[in-house]
Structure formats: structure tokens, C-alpha cells
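**Q** I'd like to ask some things about the structure below.
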Amino acid sequence: MLLALLGLFFGVDTSVLTGGDQAPVSQSAPAQPGQDEVYDFADRIMTSSNQVWGGIFQQSGQTYNQPRMFLFSGATNSGCGRATSAVGPFYCPADSTVYLDTSFFDQMDRQLGGGGDFAYSYVIAHEVGHHVQNELGLSEQVQRKQQQVSEAESNSLSVRVELQADCFAGVWGNHVSSLANITEEDVREAVNTAAAIGDDHLQEQARGYVQPDSFTHGSSDQRVRWFMRGFTTGNPNQCDTFKGSYSQL
Ligand SMILES: [Zn+2]
């Protein structure tokens with residue numbers, strides 16, 4: 001099912017992507033003082049998303065290699081280079097790791113007054129969405145394509161990538177019973193908060209090596225719409241943001 005979707009995007013021979021030769025990796029992160037609560041929460045979301053995506057991949061006869069999770073504050077080294085302080089959450093395809101900057105969550109907490117559980121979940125599920133894209137071989141294909149096209153076209157591909165990660169986050173949400181009552185308004189609040197903090201972080205950020213995640217890409221209407229599409233259907237095949245004209249995303 002997912003492979004059919006992938007072929008649709010780029011017309012590639014998807015048989016090369018079915019290898020699944022990597023051994024599944026377990027999540028790991030050092031428990032840091034004062035961050036246990038964030039760690040536990042993030043760990044629960046990761047465990048849940050491993051179950052959901054493992055099941056979806058299995059249904060289409062594929063193996064899902066679980067991402068690693070790493071919490072940091074200040075700065076960290078990653079397989080994608082050194083991340084400077086306040087880079088925000090990001091996903092590194094080179095080491096299949098979701099990097100979560102705890103200061104981003106602290107800021108989220110302050111803005112949402114402690115009611116940010118769903119917003120936290122959304123941010124983590126969005127990063128996992130990028131991992132799913134990596135597992136599908138999409139990240140590499142998009143990057144290759146971006147080197148061959150104009151800057152404008154390259155930017156529009158980035159937006160498609162971001163909106164698909166949102167849709168994948170929604171697919172995960174569909175499979176989580178405790179999120180059954182999440183409304184479009186809750187999604188909008190989460191999307192807007194992540195984008196606002198993302199903006200702050202981008203401004204504060206010194207020139208680091210890691211590409212910060214583009215929470216600001218795509219309008220919030222688009223992001224909410226694509227999240228809701230994944231959320232209401234639970235079907236990753238509904239997340240084909242590469243199809244159709246850019247203006248209709
Ligand atoms: Zn993203």
C-alpha cells in the first residue's frame with residue numbers, strides 16, 4: 001500500500017526500497033536531571049508511534065525500522081552535524097534520530113499554560129513523520145530532486161515534505177484512542193504554537209550546521225488541513241502532498 005503510494009510520487013522502481021536490511025534500533029536517550037517528565041512523555045509518544053507505524057508497514061509487507069530519540073538542551077552533535085542551542089526539534093535522516101530540544105517544550109509549556117500535551121505530541125509525531133518519509137526513501141529522492149530544480153521549485157518541495165509530515169502525524173493520531181476527541185481547533189492551536197516558537201528559534205539561532213525543522217513552512221490552514229486528512233482517515237495513502245498543483249495544496 002505504501003509502496004504503491006511511493007511509486008505514484010516519483011515513478012520509481014520501489015522494489016529497491018523493500019530491503020529492510022537495517023536491524024531495528026531501540027530508542028535511547030540519557031535521562032537528564034529535571035527532564036524526566038519530558039523524557040517520559042516523549043518516550044510514550046515514540047512507543048505509541050512505533051506500534052502504529054510498525055503495524056501500517058507490516059500490513060504492506062514492509063519492515064519499519066524504529067527511529068531513535070534523543071533529548072538535548074543547549075547543544076548536541078548529531079549524524080547531521082552539530083546542533084546549536086535552541087535549534088528546536090529536528091529529525092536527522094543520517095542517524096534515523098528524532099532530536100528534541102527541551103527548551104522548545106519549555107516554551108510551549110509557557111505559551112499553552114501547561115495544557116500543551118497535544119501540542120507536544122504533535123511536534124513529536126511530526127518529526128516521526130519525517131522518519132517515515134526516510135523509511136520510504138522519500139527524503140533522499142526529494143533531496144536529489146531539489147538539487148536539480150530552481151530555488152522556487154525546491155522550496156515548494158520542502159513545503160510538500162512538511163505538509164506530508166503533518167498528514168503522517170495525523171495518521172498516527174487516528175490510531176490513538178486517547179486522541180479521539182481532538183478537534184480541529186486543538187490542531188490549529190498546536191500548529192500555530194509550534195510555528196510561533198519555531199520562528200523565535202530561527203531568529204535566535206546562531207549559524208549551526210543542522211537544518212532546523214521548518215515548522216513555519218506552509219500556512220497554518222494548509223497544515224491543519226493535512227493533519228486532519230491523516231487524522232480522519234488514518235490512511236497514509238491520503239497523504240500524497242506531491243500530487244496536484246502547488247496552489248491547491
Ligand atoms: Zn518538519
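Quick note: the coordinates plus some simple rules give every number you see, no bench work behind them. None of the values given here were measured: they were computed from a predicted structure. Ideal geometry is used to build each Cβ from the backbone, glycine not excepted, and the neighbour counts take in all protein chains shown.
**Q** Using a Förster distance of 35 Å, how high is the FRET efficiency between residue 59 and residue 185, based on the Cβ-Cβ distance and rounded to 0.05?
**A** Approximately 0.65, to the nearest 0.05.
**Q** Test of understanding: what is the full-extension gain from residue 109 to residue 178, defined as 0.36 nm times their sequence separation minus their Cα-Cα distance?
**A** Numbers: separation 69, 0.36 × 69 = 24.84 nm, distance 2.01 nm.
That works out to 22.8 nm of additional length.
**Q** Pull out the extension gain between residue 240 and residue 51, defined as 0.36 nm times the separation in residues minus the alpha carbon to alpha carbon distance; nm, one decimal.
**A** The residue 240-residue 51 span can extend by a further 65.8 nm.
**Q** Please report, in whole Å³, the volume per residue of the convex hull around the C-alpha atoms of segment 25-244.
**A** Expressed per residue, the convex hull around the Cα atoms of segment 25-244 is 121 Å³.
**Q** Using only alpha carbon pairs under 8 Å that are at least six residues apart, calculate the relative contact order of segment 25-244 and give it in whole percent. All intermediate terms of the calculation are to be shown ahead of the outcome.
**A** Numbers: 331 pairs, mean separation 49.7, N = 220.
For segment 25-244, the relative contact order is 23 percent.
**Q** For 92, 80, which order do you get if you count the other beta carbons within 10 Å of each Cβ and list the fewest first? Each step should come with its number before you reach the end.
**A** Values: 92 23, 80 17.
Lowest count first: 80, 92.
**Q** May I ask you to sort 46, 228 by Cβ crowding, counting other Cβ atoms within 10 Å and putting the fewest first? Provide the component values of the computation, followed by the final result.
**A** Numbers: 46 22, 228 19.
Placing the least packed residue first, the sequence is 228, 46.
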